[in-house]
Amino acid sequence: MELNEILNEQRIYAMINNVPILRESEVHLFEELIGLYRPTSVLEVGTAIGYSTLLMAPLIEQGGRITSIELDEVRYEMAKYYIGQSDYKDQITLIKGDAKDVLTKIKGEYDLVFLDGPKGQYLSQLEVILPHVKEGGVILADNVLFRGYVRGDKEAPHRFKTIVKRLQAYLAYVENKELFNTTIYPMGDGMSVSVWKGHNK
């Protein structure tokens, strides 16, 4: 099946079933960034139905690999189905499980990480992943501005306060210039792009 057909099907499925995938306004930026960095080994936290996974697949270095983690059974099965229809199925490893547990067992090195799972866990996940990130590797994180509550004067409703606080802590961490060069793009729900300066800085 053609990749564009699969991506269209995924967009429709996501809309009908209320699955959060990259917004239209973010897709162009996302593809541009992956194309710019041309990673060879990608770690994605939060596969959902594999939409961003398949957006990345044609843009990574030839022979490169994507490892993607998803907790939700239904979404994992849908991702497996969509990825299985694509020409990229042999480059993609899907892992079903809680990233909290899975990440403690990962091996090897990654030159690009995409955080798109539970927003409140970005910082704790990154701390576990960082020893596996190559110097000069890139960490992308989606929804970091979370509905405008993370930066600016908008007061977050009580139910979002913890997520907002944790996202603020995540951004404070990646904006430490000794560790990262970080840019935050405001389109969609906000995406941060952090280039890791390495372990000895």
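Here are the numbers:
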read-out	value
Some residue of the stretch 133-141 being in a loop (DSSP other than H, G, I, E, B) and not hydrophobic (A, V, I, L, M, F, W, C)	no
Considering residues of the stretch 126-145 that are in contact with an Asp or Glu (Cβ under 6 Å, 6 or more places away or on another chain) and more than 24 Å from ASP189 (Cα to Cα) only, the residue most open to solvent (accessible area, probe 1.4 Å)	LYS134
Any hit, the stretch 29-47, residues being touching a residue at least 40 places away in the same chain (Cβ under 8 Å), farther than 19 Å from SER194 by Cβ and crowded, with 16+ Cβ neighbours inside 10 Å	yes
Residue within the stretch 113-125 that is part of a helix (DSSP H, G or I) and loosely packed, with under 13 Cβ neighbours inside 10 Å present	no
Count of the stretch 147-175 residues which are assigned to a helix (DSSP H, G or I) and either surrounded by fewer than 20 Cβ atoms within 10 Å (Cβ to Cβ) or in contact with a Phe, Trp or Tyr (Cβ under 7 Å, 6 or more places away or on another chain) (or both)	18
Hits in the stretch 16-28 - residues which are under 24 Å from GLU77 (Cβ atoms) and exposed (fewer than 12 other Cβ atoms within 10 Å of the Cβ)	ILE16, ASN17, ASN18
The lone exception for ASP142 - which of (1) over 21 Å from HIS199 (Cβ atoms); (2) in contact with a Gly (Cβ under 6 Å, 6 or more places away or on another chain); (3) acidic (Asp, Glu) it fails	(2)
GLU135 being over 21 Å from TYR37 (Cβ atoms) and out of contact with any helix residue (DSSP H, G or I) (no Cβ under 9 Å at 6 or more places or on another chain)	no
Some residue of the stretch 66-76 being in contact (Cβ under 8 Å) with a residue 12 or more places away in the chain, small (Gly, Ala, Ser), open to solvent by less than 70 Å² (accessible area, probe 1.4 Å) and closer than 19 Å to VAL133 by Cα	yes
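The values are calculated or read from the model by the stated rules, or taken from the named source; none is laboratory data. Source: prediction; values computed, not measured. All Cβ positions, even for glycine, are placed from backbone atoms using ideal geometry, and neighbour counts span all protein chains on display. Side chains included, ligands, DNA and RNA excluded: accessible areas come from the protein's heavy atoms. Shrake-Rupley method; radii C 1.70, N 1.55, O 1.52, S 1.80 Å.
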